[in-house]
1. Using the basic label-point model (7 angstrom from Cα toward the beta carbon), what is the Asp74 to Val10 distance in nanometres?
2. For the chain, compute Rh as the Kirkwood radius over C-alpha pairs and then the Stokes-Einstein diffusion coefficient at 4 °C and 1.567 mPa s; write the answer in µm²/s, rounded to an integer.
3. So what is the relative contact order of region 6-96, in percent, for Cα pairs below 8 Å that sit 6 or more residues apart?
4. Can you give the angle from 0 to 90° between the axis of helix 81-96 and the longest principal axis of the chain, with both taken from C-alpha atoms, to the nearest 10?
5. How much net charge surrounds Ser43 when only other residues with a Cβ under 12 Å from its Cβ are counted (Lys, Arg +1; Asp, Glu -1)?
Amino acid sequence: MRSSDLFERVIHEGNLKIKDIHIHKDANSLVVILSSGSVLAASLSSFPSLNNAPETVLNNWRLVGSGVGIHWEDLDEDLSLKGLISEVVLRQLGASGNSLKVAV
């Protein structure tokens, strides 16, 4: 059955996986490298538990779910690929002054 969730469809149909991440606390950025070669960049401050963690803790992460999530053991924190894509898209919509219209 095909998902009605746009982000889930993009991930599934594109067979997207997280390949690597780079965290730059001083630049407030979380950079995610995808299996497609695409790069997602999110503000670290969008994720309070990550934003408040020391860099040594931030660097202790592992991929989960065959690359569809990131887990920080020391923080008991998980981020999904879907959540990261959603965050980036919503941030870009907000920056452009556009709004997302959803039909129900």
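1. 3.1 nm
2. Details: Rh = 14.6 Å.
Estimated diffusion coefficient is 89 µm²/s.
3. In percent, rounded to a whole number, it is 23.
4. Tilt relative to the chain: about 70 degrees.
5. On the way: positive: Lys25, Arg91; negative: Glu87.
So the surrounding residues net to +1.
Values in this text are rule-based calculations from the coordinates and carry no lab data. The structure presented is a predicted model; accordingly, all values stated were derived computationally and were not measured. Using ideal geometry, Cβ is built from the backbone for each residue, glycine included, and neighbour counts are taken over all protein chains shown.
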